[in-house]
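So the structure is just underneath, and the comments pick up after that.
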Amino acid sequence: MDTQVNTPGKGLLIAAGVLMLIFGTIELISTVILSNTSFSARIALERVIGMQLGTIVFAGFLSAFASIALGIVAFIYCGKPDKAKYLFLEGIGVLVFQIILIIAFSRHMGLNILSFLGPAVIVLFIIGAKINKNAHAE
């Protein structure tokens, strides 16, 4: 006899996972484009931003891969309450990483509403994991 598990946070995890996959893919593509800029454009960008372009590209790749990985994990474990603690901790880790990036780059690149879009989606992910933690078998 197979018991169904009530996972009320599943919808939030799936929605956050879709958004993280979309944003992570866009960030990955834009980082690849940025890394392939010509030498003269690279020098001009570094002067405007006041930061080495390699640092921005490296952080962009890390952030993109973290978002994509979290999005995939959301799909794999969204219906498994026994993995909710793992999802919660992973979400907290990526959220802290995103906040560190915002703080580190805000001095050079400024802040706007898009700066907080990624962390907001991760907060949805964390809420979904927290809700799933309290799920029970029916």
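Answer yes if at least one residue in the stretch 18-39 is of a type in the set (Ser, Thr, Tyr) and exposed (fewer than 13 other Cβ atoms within 10 Å of the Cβ), and no otherwise. Don't jump to the end; show me each part of the working.
Of all residues in the stretch 18-39, those of a type in the set (Ser, Thr, Tyr) come to 25, 30-31, 35, 37-38.
Subsequent filtering for residues that are exposed (fewer than 13 other Cβ atoms within 10 Å of the Cβ) retains 30, 38.
Yes, that holds for at least one residue.
Using the structure shown, decide if Leu19 is assigned to a helix (DSSP H, G or I), closer than 22 Å to Ile131 by Cβ and either among the hydroxyl-bearing types (Ser, Thr, Tyr) or out of contact with any Gly (no Cβ under 6 Å at 6 or more places or on another chain) (or both).
Details: assigned to a helix (DSSP H, G or I): yes; closer than 22 Å to Ile131 by Cβ: yes; either among the hydroxyl-bearing types (Ser, Thr, Tyr) or out of contact with any Gly (no Cβ under 6 Å at 6 or more places or on another chain) (or both): yes.
Answer is yes for this residue.
Does the stretch 51-68 hold any residues that are touching a residue at least 12 places away in the same chain (Cβ under 8 Å) and outside any helix (DSSP H, G or I), and which are they? Before you say what the answer is, go through the steps one by one.
Of the stretch 51-68, the ones touching a residue at least 12 places away in the same chain (Cβ under 8 Å) are 51, 53, 56-57, 59-68.
Answer for the stretch 51-68, where residues must be touching a residue at least 12 places away in the same chain (Cβ under 8 Å) and outside any helix (DSSP H, G or I): just Met51.
Any read-out appearing in this document is the output of simple, stated calculations on the displayed coordinates, not a laboratory observation. These figures come from a predicted structure and were not determined experimentally. All Cβ positions, even for glycine, are placed from backbone atoms using ideal geometry, and neighbour counts span all protein chains on display.
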